[in-house]
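Novice: Before we start, here is the structure in question, set down as structure tokens.
The values are calculated or read from the model by the stated rules, or taken from the named source; none is laboratory data. Keep in mind it's a predicted model, so treat the numbers as computed, not measured. Cβ placement follows ideal geometry from the backbone for every residue including glycine, while neighbour counts extend to all protein chains displayed. Heads up: the accessible areas ignore ligands, DNA and RNA and are worked out on the full protein's heavy atoms, side chains in. Shrake-Rupley method; radii C 1.70, N 1.55, O 1.52, S 1.80 Å.
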Amino acid sequence: MDDGFSYDQALMEAERCLLCHEPPCSKGCPAKTDPGTFIRKFRMRNVTGAIRTIKENNILGGACGVLCPTCRLCEKECSATGIDKPIRIGKIQRFLIEHSWQVGFKTFDNPMSTDPGRQAEKIAIIGAGPAGLSCAAELAKSGYSVTIFEEREEAGGVLRYGVPSFRFSRSFLKNDLRDLEDLGVKIKCSSAIQKKGDVEKLLEQGFNAVFIGVGLWAPISLKKVPEDDSNIFSSVRFLETFRQEKFKELEKVCRGKIVAVIGGGSVAMDCARVALKLGAKDVNLIYRRSYSQMPAEPDEKIEALEEGIHFILLNQPTDYCRDSKGKLKGINLIRTRLAGADSKSGGSAAARGSGRRKPVEIPGSEWVMECDTAIEAIGNKAAADSGDWYPSVSVNSEMLVQADKETGQTNMEGIFAGGDIVRGPGTVVQAVADGKTAAKSIIGWLEKKRLKPAGYVSSRKEKKV
Ligand SMILES: Cc1cc2nc3c(=O)[nH]c(=O)nc-3n(C[C@H](O)[C@H](O)[C@H](O)COP(=O)(O)OP(=O)(O)OC[C@H]3O[C@@H](n4cnc5c(N)ncnc54)[C@H](O)[C@@H]3O)c2cc1C
Ligand code: SF4
């Protein structure tokens, strides 16, 4: 992972800020981390105040400082753009959080609310990814008793089991989790909520509200291949194995080998870079559209190219090619050309296009690209059986939970949801924002319930009386 700013570098960058009256950068942040305020405080040398602004607004402020695609969020709105380069908000944010560790400053030393009514109310969070962690932090800050149920051995979701270590140090996660601990949040790992109706059962077991933040962990595949095929990996399996530091297992299929990565997004770039770091002879990234249409961030593409990854553009993989013993030896490709833009609206999300020019296969242009290992990074989806975990909650045809955008409320009273399982593949800061939104709604909903007179059943019945 690259070095962050030093104190002087961060301050020099903050000194470039134009101190706008209504900072547009703050409006550009989905999680309302409020860079306008923390940069202003930092400039006035109120360092702890700046750290407090970040952490109180965004429990994953450190992770976001490293991972946010700032060029299309806060920094895109920066007023300095046009006069000069935008202020590097993400890097200042990251510096402030790293500085807080160095000086041992803890934002949440004391419980922020000790309302006994709230402490008696229990909220269950399913999934310890960014959405769940952020929802938990907001609720705990307001004095509620929060338990997170996490399927995996450790908390963090994609931050722990997806994003590679050379892009994101686990120190951020470790410290953010410590802050949650300071807030009194209980995290139960290796505790999947996955049996039929498990989510609704939590309400019967005494939890007053539930938040679903289970993310997307089922890989989308080119062709049906066995989960444990030794030479064809899903991006989930490949990156999770890398994050678990099972390097020997991956080196066997990467060192000195030709590795093909299918996909053109950020996850494909991560997989390709990991394969190269594990000693691959050649890493060929195959994408069916052109360079400018790749969904990966511009700097990720440049870094991948600079590291020596080859981009095989305008090619559509159609199948795998194996030898007589069934071992992978190549990928069947067909060349494509770009036709008109596909439609962004109408129909199901699966049928909808992205508004980009559509790749059309060129008949007769089939060819085989040699490879020893293939990694599919063409997207993740909700687990096929996830609807069974919460059978009374509405899901769409892609098993994404249907929740109100403004509140995170599902069709089931007391059940809220957010993050990737609602919006589809997104970003860390969007998941944080969803967690915060849902927490606010949960608090409002519980407060309203608490104020209802005894014997109250529902507003509809009340009207009839
Ligand atoms: C490889 C990769 C790289 C990425 N890089 C970036 C980046 O650089 N910047 C960025 O902003 N975004 C990035 N993203 C996207 C970002 O990580 C996600 O949008 C974000 O993590 C979504 O958060 P979430 O909480 O909704 O889900 P997740 O992070 O997926 O967390 C969900 C959690 O729920 C748990 N869970 C699942 N089912 C159950 C169950 N039944 N019971 C209990 N627990 C369960 C999972 O184990 C997991 O811990 C990346 C994604 C990937 C895959
Ligand atoms: S959380 Fe991300 S988008 Fe928001 S201000 Fe910080 S770096 Fe920018």
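Novice: May I ask you to list the residues in segment 45-89 that are within 12 Å of ligand 2 (Cβ to nearest atom) and of a type in the set (S, T, N, Q)?
Specialist: Within segment 45-89, Thr53, Asn57, Asn58, Thr70 qualify.
Novice: So how many residues does segment 296-327 have that are crowded, with 19+ Cβ neighbours inside 10 Å and touching an Asp or Glu at 6+ places or on another chain (Cβ under 7 Å)?
Specialist: Of the residues in that region, 1 qualify.
Novice: Residues that are open to solvent by 30 Å² or more (accessible area, probe 1.4 Å): list the helices (runs of 4 or more DSSP H) wholly contained in segment 124-210 that include at least 3 such residues. First the steps, then the outcome.
Specialist: Numbers: elements: 130-141, 158-161, 170-182, 198-204.
It comes to 170-182, 198-204.
Novice: Which of the residues spanning segment 7-36 are under 21 Å from Thr48 (Cα atoms), surrounded by fewer than 21 Cβ atoms within 10 Å (Cβ to Cβ) and touching a residue at least 40 places away in the same chain (Cβ under 8 Å)?
Specialist: Passing the criteria: Tyr7, Gln9, Glu13, Arg16, Ser26, Lys32.
Novice: While we're here: For segment 40-71, which residues satisfy the criterion of being within 16 Å of ligand 1 (Cβ to nearest atom) and open to solvent by 20 Å² or more (accessible area, probe 1.4 Å)?
Specialist: Answer for segment 40-71, where residues must be within 16 Å of ligand 1 (Cβ to nearest atom) and open to solvent by 20 Å² or more (accessible area, probe 1.4 Å): Val66, Leu67, Cys68, Thr70, Cys71.
Novice: Quickly run through segment 426-451 and pick out the residues that are open to solvent by 70 Å² or more (accessible area, probe 1.4 Å) and at pLDDT below 95. Reasoning before the result, please.
Specialist: Going through segment 426-451, the residues open to solvent by 70 Å² or more (accessible area, probe 1.4 Å) turn out to be 440, 448-451.
Across segment 426-451, the qualifying residues are Lys448, Lys449, Arg450, Leu451.
Novice: Pick out the one residue from Gln409, Gln402 that is out of contact with any Pro (no Cβ under 9 Å at 6 or more places or on another chain), modelled with pLDDT of 95 or more and open to solvent by 70 Å² or more (accessible area, probe 1.4 Å). Talk me through it step by step, then tell me what you get.
Specialist: Numbers: Gln409 fails: open to solvent by 70 Å² or more (accessible area, probe 1.4 Å).
Only one candidate passes the filter, namely Gln402.
Novice: Look at Thr33 and say whether it is among the polar types (S, T, N, Q) and not in a loop (DSSP other than H, G, I, E, B). Outline the logic, then answer.
Specialist: On the way: among the polar types (S, T, N, Q): yes; not in a loop (DSSP other than H, G, I, E, B): no.
Considered against the rule, which asks whether it is among the polar types (S, T, N, Q) and not in a loop (DSSP other than H, G, I, E, B), Thr33 comes out as no.
Novice: Follow-up question, since we're still on this one. Would you confirm, using the coordinates I've provided, whether Glu447 is more than 26 Å from Lys223 (Cα to Cα) and more than 12 Å from ligand 1 (Cβ to nearest atom)? Please lay out each step first, then the result.
Specialist: Working: more than 26 Å from Lys223 (Cα to Cα): yes; more than 12 Å from ligand 1 (Cβ to nearest atom): yes.
The answer is yes for Glu447.
Novice: Between a residue in segment 119-133 that is more than 6 Å from ligand 1 (Cβ to nearest atom) and any residue that is among the β-branched types (Val, Ile, Thr) and not in a strand (DSSP E or B), which pairs come within a Cβ distance under 7 Å, given they are 6 or more apart or on different chains?
Specialist: Pairs that qualify, where the first residue is more than 6 Å from ligand 1 (Cβ to nearest atom) and the partner is among the β-branched types (Val, Ile, Thr) and not in a strand (DSSP E or B), are Ile123/Ile442; Leu133/Ile59.
Novice: If you go through segment 274-295, how many residues are touching a strand residue (DSSP E or B) at 6+ places or on another chain (Cβ under 8 Å), open to solvent by 10 Å² or more (accessible area, probe 1.4 Å) and assigned to a helix (DSSP H, G or I)?
Specialist: Within segment 274-295, residues that are touching a strand residue (DSSP E or B) at 6+ places or on another chain (Cβ under 8 Å), open to solvent by 10 Å² or more (accessible area, probe 1.4 Å) and assigned to a helix (DSSP H, G or I) number 3.
Novice: Can you go through Glu245, Glu306 and tell me which one is among the acidic types (Asp, Glu) and at positive phi?
Specialist: Working: Glu306 fails: at positive phi.
Matching residue, one of Glu245, Glu306: Glu245.
Novice: What number of residues in segment 72-107 are out of contact with any Gly (no Cβ under 9 Å at 6 or more places or on another chain) and either open to solvent by less than 50 Å² (accessible area, probe 1.4 Å) or within 30 Å of Asp270 (Cβ to Cβ) (or both)?
Specialist: Filtering segment 72-107 down to residues out of contact with any Gly (no Cβ under 9 Å at 6 or more places or on another chain) leaves 79-88, 99, 102-107.
So of that shortlist, the ones also either open to solvent by less than 50 Å² (accessible area, probe 1.4 Å) or within 30 Å of Asp270 (Cβ to Cβ) (or both) come out as 79-81, 85-88, 99, 102, 105, 107.
Total satisfying the criteria: 11.
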